[in-house]
Structures are given as C-alpha cells and as structure tokens.
Amino acid sequence: MQGQMGATLHTGDLPVPDILRYAREAEALGYHGFWLTEESGKEAFALLALLSQATQRITLATGIVNFYSRTPTLLAMGASTIWRLSGGRFLLGLGTGGIGFMERGHGIAIERPLARARETVAIVRGLLHERRFSYDGQWFHIRNFGLREGPIDGHLPIVLSALNPGMIRVACQVADGLMSNWPSRESIQELQATIARECGKVGRDPGAVRIYTLLMTCPDPDDPAAVAAMRRGVAFYCATPHYHHIADVTGLGDQVRRVYEVWQSGDYDAASALVTDAMCEAFTLTGSRAHCAAHLRWLLEQGVYPVIYPLFRRDRVLDDHLAAIRLAASYLQD
C-alpha cells in the first residue's frame, strides 16, 4: 500500500471475534495502523492487549481514549503494557472525549481541556521515558516516581484529538500529531497553515506534527442504502457545532447549518435527507471511484494519515467494515 493509512471502528459495534478478523484483514491489506475508539464500547486497553497477540505487524492505536477518566499515570501504565506486549507497535491517541459521553456517561465535566491535555502528555511522556519522574501540576503531583519495569525502549508517539484552535496549538507544542475529521481539501490546507504558524512560534519543525484524520468511508458507493447510511453519519456530525467552521472553510456552511437545524428538531431522517452529494464528497470517501481515488491520493501526498472509518448498513456490519477497508486500499491501485 502506498502511504500510511489506518482503519478504525466503534468497538461496541462488533463482537470481539469480528474485531480480530477486521484487524487481521487490515494487516493483510497493508494498513499501517488499527485504531480503537472507546466511548461506550469495549475497554480499549484490554482489547489492545488481545490484538497485540492476534497481529504481527500492524501498529495498534487508541483513537481516542479520554484523559479525564484515567490518571496520567494509569495511561502511562496502559501504554507501557501495550508497547511491551506488541513489541513497540503502539500509538497513544488522547482527547477530551465527547461532552455527552463524558458528562452523561462518566459524570465528569470537561474542564480546562487545554491545560489538562498539556499536563497529561507531560506526565505520560515522563513516566514512559524516565526512570524517576517528578511533576508539580494543577491536578497531579508526581514525586520521584517510576514504572516498576522502567522506561520503554523507543519513542511512543502521542497524538491529540484537536478540532479547535486551542487544542491544535497544544498539539503543536507537545504532541507528535493531531487527529482531525472531515478532511476536505480546504480544511486540510487551513490546518497545515495553522500548524506551520503555531510550530513557528515555539521553534518547532512543522513536519514533527503529523495530521491524522478520520475518513468516513462508504463501503458501496453504488448502493443507495450504503449512501443513505453515509448521509446519516454526515448529518450526525453536522449536529455538532465544532464542525461548522470546517464547513464554512469548505464553502458548505449554509448546507451544514440547515442540516443542523433540522437535526435539532428531532427529525433525524429529514436532516439526513438534506445531506448533499457535495457534502459527502467533500468530507468523506464517497462518490465515483475516480473522485475517491483522487481524494485519497491527495491526502497521502499532503502527508496526511487517513484513518478509514466505515459507515455501515445495519444488516451488514462486519461485511461493510471489511468492504470499506478493501475498497479504500483498492483506490491506491488505480
């Protein structure tokens, strides 16, 4: 496979045997990474431990786990465990977690996320790479502490989920990359410019901060039911104001806000029906084969790391996950 790509899923959508099959298929197709969400699905590190033994080459990643429900020390312990189990095939993706999930599911308010991200990354890095580590932060006070097994051998990449300018700035200062979504050409170009500017402020090479992006993928662009599932997925993200700036930059702000208004009324089917072909083609891997191949190749040429995110039909969950990663890989053969 030309360029590096990843595959992801919501871990609550498939049973464990199917997730293992999906991961092995991604590995066989030459994907670089297999990224696990957590949210209300399966606990990420337990599943990663199983995947570390079920795969041989593919990099395993959290995409993402939140940095509120685990302390930085526990995150470092989990990262160290998967790193050692997998022979260094691990990347740690961190973020705030969704507001609804954190507040309704965990009962935790998302407070001061930028400072929390900075503190978490500093502590995790310190514990992974130093034999003894101290840190006096706003939330955590680590005193001459080290992991019993000692530092890991090698550099474990840390990626921050970042949609807003503040978290992008933090990622440019402390992380190895950032995870975005809705990768239109215009939004990626704006993100590249922002990274160059923010890295310049701290004297860092912009090339040290890689762009990773979820890339919602239609497993069968010729099937109306599969395209309808994609429209529903796009509408879901339209309902989150965090994505409206990307829509504006892409020239689709009015369309996205119309979907948002109808979604807020509770008529999800009507909102989904308002998602246009232009929106799908700009933000996802949907459309003609030529369009999809060109968009995927463009992302890779820009140094962007796409993470294939299958939007599936409810009666074909595993089949659509497998079809999506096969289809995306085939686009690179055109």
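Since every read-out is calculated from the coordinates, none of them should be taken as a lab result. Please read all numbers here as calculations on a predicted model, not as lab measurements. All Cβ positions, even for glycine, are placed from backbone atoms using ideal geometry, and neighbour counts span all protein chains on display.
Quick notes on this structure:
- Exposed-site-free run, longest, the chain (rule: chymotrypsin sites (Phe, Trp or Tyr not before Pro); DSSP loop; at most 16 other C-beta within 10 Å): 141-334
- Applying 1/(1 + (r/R0)^6) with R0 = 41 Å to the Cβ-Cβ distance of Ala290 and Arg258 gives a FRET efficiency near 0.90.
- Eigenvalues of the alpha-carbon gyration tensor of the chain, scaled by 5 and square-rooted, set the equivalent ellipsoid semi-axes at 32, 23, 20 angstrom, largest first.
- In summary, segment 24-108 shows an alpha-carbon radius of gyration equal to 1.11 times the 2.2 N^0.38 Å reference for compact globular proteins.
- Full extension of the segment from Arg185 to Phe140, taken as 0.36 nm per residue of separation minus the current Cα-Cα distance, would add 12.2 nm.
- Pairwise Cα distances in segment 222-267 exceed 18 Å in 30 percent of cases.
- Multiplying the residue separation of Glu111 and Ala278 by 0.36 nm and subtracting their alpha-carbon distance yields 56.5 nm.
- Share, in percent, of DSSP beta bridges within the chain that are antiparallel, nearest 5: 10
- Environment charge at Ala79 (Cβ cut-off 11 Å; Lys +1, Arg +1, Asp -1, Glu -1): +3
- Distance in nm between pseudo-label sites at Ala196 and Tyr268 (7 Å out along the Cβ direction from Cα): 4.1
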